[in-house]
Amino acid sequence: MAIHVFVTPYNKIRNVWWVVIFFLILTSFLFPLIILADRFSFEITMLHQLFLILVVSIICQLLRRKPISDLTGKFNFDWIKQLYTGLMIGAVLMGLPVLLLTILGYIHWQVDVFSFSTLASGIQLFLFAAIAEELLFRGFMFQRLIHAFGNWPAQILVAGLFLLTHINNPGMTGIVKTLAGINIFTASILFGIAFIKTKSLAMPLGLHFMANFMQGTVLGFGVSGGKDPGLLKPGFDNAPVWLSGGDFGIEASLFGLTFVILISVFLYLWNPQKDKTKVETLKME
């Protein structure tokens, strides 16, 4: 009987133990990397983290005798379309609350640093971060948890972990910490819904990347407390931090949180299969 705690009646390792295996392998690679970084005085960059998570994900898929496309979705036209849809949703997610604050007169704008190097740096930073975080939080671990416990238990567990990894970011103080915490938790749910609806990382990846890129590189706000050069520079005319998001970013504002919730509800109600059926019907006609 005890063996069935670890394996199914078909002698396959249970999904929850695959999550444990994933973290054990990740830790076995991470600790030596930390020691090497300390020994040779180099910074563990987002690219290092991305490479590490990708390698561990591939190893776990090989151990399960499954292709990496099971995690990412098959790379085809639908994958590209889902990525594009995610990019558009991410732009709307950050653009609408900023537009609303501008119309209400809380923000004035000036051009900060318009250069190709700013764009290239922003694309690289936020693309690496989005791929690394989506592989970690919507990849192997999330998908094994879904098979183990179902969609919503997996969503809550991963959203809690996603929040824990951001909880001490710069700028998380007072009311901003509360709004930012709720936003981060809800954003994880949003990315999870995008994966569950499409069975692919394309849409959550596009959404995650564009939300950060739009907020930081284009609009010039902080991104989860981090601050890098942007094309524009927003100025606030005595706006309270619960409207501006403070140094954390517009995501920690009341309007930012509102639009994350609204778009999450929209995606939850969206039926991609119905849309696909409509397209196929139009083609036949």
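Some notes on this structure:
- Hits in the range 157-179 - residues which are farther than 30 Å from VAL16 by Cβ, surrounded by fewer than 18 Cβ atoms within 10 Å (Cβ to Cβ) and either modelled with pLDDT of 95 or more or out of contact with any strand residue (DSSP E or B) (no Cβ under 9 Å at 6 or more places or on another chain) (or both): THR173, GLY174, ILE175, LYS177, THR178
- Any chance LEU135 is in contact (Cβ under 8 Å) with a residue 12 or more places away in the chain, crowded, with 21+ Cβ neighbours inside 10 Å and at negative phi: yes
- One residue from ILE59, ILE25, ILE53 being surrounded by 13 or more Cβ atoms within 10 Å (Cβ to Cβ), closer than 17 Å to PHE137 by Cβ and more than 21 Å from the chain's Cα centre (by Cα): ILE25
Yes/no matrix, rows are residues, columns are (1) touching a Lys or Arg at 6+ places or on another chain (Cβ under 8 Å); (2) in a helix (DSSP H, G or I); (3) of a type in the set (Val, Ile, Thr):
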{"position": "VAL19", "(1), (2), (3)": "yes, yes, yes"}
{"position": "ALA37", "(1), (2), (3)": "no, yes, no"}
{"position": "ILE44", "(1), (2), (3)": "no, no, yes"}
{"position": "HIS48", "(1), (2), (3)": "no, yes, no"}
{"position": "ILE59", "(1), (2), (3)": "no, yes, yes"}
{"position": "LYS66", "(1), (2), (3)": "no, no, no"}
{"position": "LYS74", "(1), (2), (3)": "no, no, no"}
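- Only residues that are more than 26 Å from PHE191 (Cα to Cα) and buried (at least 17 other Cβ atoms within 10 Å of the Cβ) were counted across the range 233-260, and they come to 2.
- Residue-level analysis places LEU30 among those that are assigned to a helix (DSSP H, G or I), free of Cβ contacts under 8 Å to residues at least 24 places away in the same chain, surrounded by 14 or more Cβ atoms within 10 Å (Cβ to Cβ) and more than 19 Å from the chain's Cα centre (by Cα).
- Within the range 167-188, residues that are on the phi < 0 side of the Ramachandran plot reach partners that are hydroxyl-bearing (Ser, Thr, Tyr) with beta carbons closer than 7 Å, at six or more positions or on different chains, in the pairs ASN169/SER224; LEU179/SER253; THR186/SER264.
- Summed over the range 168-186, residues that are closer than 15 Å to THR258 by Cβ and assigned to a loop (DSSP other than H, G, I, E, B) total 0.
- Of all residues in the range 1-17, those satisfying the criterion of being assigned to a helix (DSSP H, G or I) and either in contact (Cβ under 8 Å) with a residue 24 or more places away in the chain or among the acidic types (Asp, Glu) (or both) are ASN15, VAL16.
- Filtered by the rule that a residue be outside any helix (DSSP H, G or I), surrounded by 11 or more Cβ atoms within 10 Å (Cβ to Cβ) and modelled with pLDDT of 85 or more, the range 98-123 gives LEU104, TYR106, ILE107, HIS108, TRP109.
- None of PHE221, PHE195 is under 20 Å from LEU99 (Cα atoms), aromatic (Phe, Trp, Tyr) and crowded, with 19+ Cβ neighbours inside 10 Å except PHE221.
The values are calculated or read from the model by the stated rules, or taken from the named source; none is laboratory data. Since the model is a prediction, treat every value here as computed from it, not as a measurement. Positions of Cβ are generated from backbone atoms using ideal geometry, with glycine treated the same way; all protein chains shown enter the neighbour counts.
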